Amino acid sequence: MLRRLALSLTTVALALSACGDDATQDVEAPPAGEAATPSTPAATPGAGGDCVKKEEPGGGGKTLACPTPTLVEGKENVVTFKTSEGSFEITLDAERAPATANSVAYLAEQGFYDGLDFHRVVPDFVIQGGDPRGDGTGGPGYSVTEAPPSDLTYTRGVVAMAKGGADAPGASGSQFFVVSAADVGLPPEYALVGRVTKGLATVDKITALGEGDGPPRKEVKIISATLSAR
């Protein structure tokens, strides 16, 4: 449901329906992620964009408050993911997706991603992680919504957030996916994070462990996610 990146084929193209609390996320369906029914109707504006706390905290003992300003202005903000299969770097797109980029930076700074798995690896499509529950239904305890650029295409190396099928375009929690195919043909509905600018070989290595639409045949763990400003 809302917490698992549901990647699905829309007509001939694969459609990701990711990140929702109550949405099943399969790679043969749009990526679903962590958006859940908010506990309060009002959104809290701030550095993380319009943030809504959720009734379902996400589990895993990793519930957080809404994001605080974390991006370093005037610098290139990079999150380095050290995994059991190697490392890769994501350069956050603070210009086109300031709220989403800030949320991911905040999650990294809070150590939210440390110890989590890539719970979904779909060959020639995406690798998905960031779920504290490890089953595609977890999140950070909040949701940020930021409409992605209308001309966004999900090509190799692009990083975006998963959402549930019932969530608004650009809704996100903590689940993210990295595109491993040349172009997965998704509509611009998944919040932009940035792009892998170093370590695509690691992404490929993780992708090679995929067996259909589900967990990799071998556990792939995020050892740490570290934010740096250059």
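The values are calculated or read from the model by the stated rules, or taken from the named source; none is laboratory data. Only a predicted model underlies this, so the values are computations on that prediction, with no experimental measurement involved. Cβ placement follows ideal geometry from the backbone for every residue including glycine, while neighbour counts extend to all protein chains displayed.
Residues in region 157-173 that are of a type in the set (A, V, I, L, M, F, W, C) and modelled with pLDDT of 95 or more were compared, and the one that is surrounded by the fewest Cβ atoms within 10 Å (Cβ to Cβ) is Val158.
Please determine whether any residue of region 130-140 is under 24 Å from Ala182 (Cβ atoms) and out of contact with any helix residue (DSSP H, G or I) (no Cβ under 6 Å at 6 or more places or on another chain).
Checked against the condition, which is being under 24 Å from Ala182 (Cβ atoms) and out of contact with any helix residue (DSSP H, G or I) (no Cβ under 6 Å at 6 or more places or on another chain), region 130-140 yields at least one hit.
The residues of region 172-230 that are charged (D, E, K, R), assigned to a loop (DSSP other than H, G, I, E, B) and touching a strand residue (DSSP E or B) at 6+ places or on another chain (Cβ under 9 Å), listed by number, are Glu189, Glu211, Asp213, Arg217, Glu219, Arg230.
A count restricted to region 174-208 and to residues that are in contact with a helix residue (DSSP H, G or I) (Cβ under 8 Å, 6 or more places away or on another chain), buried (at least 24 other Cβ atoms within 10 Å of the Cβ) and among the β-branched types (Val, Ile, Thr) stands at 2.
Name the residue that is nearest to Asp93 (Cα to Cα), counting only residues in region 202-230 that are more than 16 Å from the chain's Cα centre (by Cα) and among the charged types (D, E, K, R). If we take residues in region 202-230 being more than 16 Å from the chain's Cα centre (by Cα) and among the charged types (D, E, K, R), then Arg230 is nearest to Asp93 (Cα to Cα). Of the residues making up region 70-79, not a single one is closer than 13 Å to Pro140 by Cβ, at pLDDT below 95 and of a type in the set (Gly, Ala, Ser).
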